[in-house]
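The values are calculated or read from the model by the stated rules, or taken from the named source; none is laboratory data. This structure is a prediction, so every number in the text was calculated from the model and none was measured. Cβ placement follows ideal geometry from the backbone for every residue including glycine, while neighbour counts extend to all protein chains displayed.
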Amino acid sequence: MSTIKLSTRQDWMDHWKKHALVRLIPETFIYSDLIKRAVSAAGGSGKSLELGGFPGSFSVYLKKYCAMDVALLDYVVDHNIVAELFKVNGLGSGDIKIIEADVFALESQENYDLVCSFGFIEHFTDLKQVLRAHLKFMRPGGILLMTLPNFRGVNGWIQKIFDPKTLAIHNLKIMNLELLGHALSTLGLQDLRVEYYPSTSIWLEGLSSRNFIIRLIIRVVNKSISLLAKVFGRKSRWFSDAIFVLAKKPLP
C-alpha cells in the first residue's frame, strides 16, 4: 500500500522560503526535555536518525547537546542551508550524515538507537504505514520519539479561520491520543507515552507578516489560553499545541 502524502515537494519548498532557517540552536530549544529523556532511555549515547528533518535543527541539538551519532533523512534538502546551520552551531559538514531520500522507498541500511520526527507523521493519511517507516530503522530495544501539532482544540480553530490552506495538509484524525496509542500498541511498541505536551502557544504560519488585527487577535488568544490553562491544565486537548510519543521497540 502506498502512503498518500498530504503535502508535496513544492509545498515544502514554498514553506521553508518563509522561514529563517539558519540560527543558533540553544540548549533550551523546543522539546529539549523530551529529547534528553529519549536519549537517556536509548542509553545516553549511540546512533540517532531524524525523519523529515530538514533544515536540521533537531539533528543539530542531538549532536551538539546529546553527543549522538546523528543522521538526518528528508526528501527535501537544501545542502547550502544545512551547511550554514551547522557552521553557525559549531559543527562541520561531516558531523551529521545527510540522507536525501523518500523514507518509504529507502531500505534500512542501519539500525538506530533513537529514531525521531518532529511534525512529520501528520502529513500522511496512512498512520500505520508512516509508523512502520520509523520502526524499520530502529534496533530492537530502540527508542521512538515523535511530536505532532494538536489542531483538535483552540489551535485548530485558529488555523481553520486564518489559514485553511495550511490546515489542509495536516491529518487531524491522527491528532488523537487513543488512536495513536492503539496504532502503536498493535505494532508491538512498549513503554508507551502518548500525551499532550504542556505548551499552549498558538502557531500560525507567517504571523509576523500578517496584518495588525490578526497579530492582535493571536496575542489575545494566546494570553487567554495561558490563563485558562493555569486553571484547567496545560496538557489538554483544548489548550495544548502539541502531542508527543515516546515508545520502545521490543527485544526479540
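Output the strands (runs of 3 or more DSSP E) that fall wholly within region 57-162 and possess 2 or more residues being among the small types (Gly, Ala, Ser) and over 23 Å from residue 25 (Cα atoms), or say none.
On the way: elements: 69-74, 96-100, 112-118, 138-149.
Where strands (runs of 3 or more DSSP E) fall fully within region 57-162 and carry at least 2 residues being among the small types (Gly, Ala, Ser) and over 23 Å from residue 25 (Cα atoms), they are 138-149.
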Q: Kindly provide the set of residues from region 171-192 that are part of a strand (DSSP E or B) and surrounded by 14 or more Cβ atoms within 10 Å (Cβ to Cβ), ordered by number.
A: 192
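Can you tell me which residue among 34, 85, 49 is buried (at least 22 other Cβ atoms within 10 Å of the Cβ), touching a strand residue (DSSP E or B) at 6+ places or on another chain (Cβ under 7 Å) and in contact (Cβ under 8 Å) with a residue 12 or more places away in the chain? Give the steps one after another, and end with the answer.
Numbers: 34 fails: buried (at least 22 other Cβ atoms within 10 Å of the Cβ); 85 fails: touching a strand residue (DSSP E or B) at 6+ places or on another chain (Cβ under 7 Å).
Being buried (at least 22 other Cβ atoms within 10 Å of the Cβ), touching a strand residue (DSSP E or B) at 6+ places or on another chain (Cβ under 7 Å) and in contact (Cβ under 8 Å) with a residue 12 or more places away in the chain holds for just one of 34, 85, 49, which is 49.
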Q.
So, in region 88-113, how many residues would count as being touching a Phe, Trp or Tyr at 6+ places or on another chain (Cβ under 8 Å) and surrounded by 22 or more Cβ atoms within 10 Å (Cβ to Cβ)?
A. 2
(Q) Being part of a helix (DSSP H, G or I) and either in contact with a Ser or Thr (Cβ under 6 Å, 6 or more places away or on another chain) or among the basic types (Lys, Arg) (or both) is the filter here; which residues of region 227-247 pass it? (A) 229, 230
(Q) Let me spell it out: the conditions are (1) surrounded by fewer than 19 Cβ atoms within 10 Å (Cβ to Cβ); (2) in contact with a strand residue (DSSP E or B) (Cβ under 8 Å, 6 or more places away or on another chain); (3) outside any loop (DSSP other than H, G, I, E, B), and residue 222 meets all of them except one. Which number is the exception? (A) (2)
Q | In region 143-173, the residues that are of a type in the set (D, E, K, R) and under 19 Å from residue 225 (Cβ atoms) | A | 152, 160, 163
Q | region 157-170, subset of a type outside the set (Val, Ile, Thr) and within 17 Å of the chain's Cα centre (by Cα), residue surrounded by the fewest Cβ atoms within 10 Å (Cβ to Cβ) | A | 167
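Across region 147-188, what is the total count of residues that are among the hydroxyl-bearing types (Ser, Thr, Tyr), free of Cβ contacts under 8 Å to residues at least 60 places away in the same chain and closer than 15 Å to residue 119 by Cα? Steps first, answer last, please.
Let us first name the residues in region 147-188 that are among the hydroxyl-bearing types (Ser, Thr, Tyr), namely 147, 166, 185-186.
Applying the additional criterion that residues be free of Cβ contacts under 8 Å to residues at least 60 places away in the same chain yields 166, 185-186.
Restricting the remaining residues to those that are closer than 15 Å to residue 119 by Cα gives 166.
Of the residues in region 147-188, 1 are among the hydroxyl-bearing types (Ser, Thr, Tyr), free of Cβ contacts under 8 Å to residues at least 60 places away in the same chain and closer than 15 Å to residue 119 by Cα.
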Q. Scanning region 1-43 for residues that are modelled with pLDDT under 95 and among the aromatic types (Phe, Trp, Tyr), which turns out nearest to residue 208 (Cα to Cα)?
A. 16
Q. Of all residues in region 225-252, how many are within 21 Å of residue 175 (Cβ to Cβ) and surrounded by 17 or more Cβ atoms within 10 Å (Cβ to Cβ)?
A. 14
Q | Filter result (hydrophobic (A, V, I, L, M, F, W, C) and without any contact (Cβ under 8 Å) to a residue 24 or more places away in the chain) within region 88-122 | A | 105
(Q) Which residue is surrounded by the most Cβ atoms within 10 Å (Cβ to Cβ), if the candidates are limited to region 123-146 and must be touching a residue at least 60 places away in the same chain (Cβ under 8 Å), more than 16 Å from residue 41 (Cα to Cα) and in contact with a helix residue (DSSP H, G or I) (Cβ under 7 Å, 6 or more places away or on another chain)? (A) 130
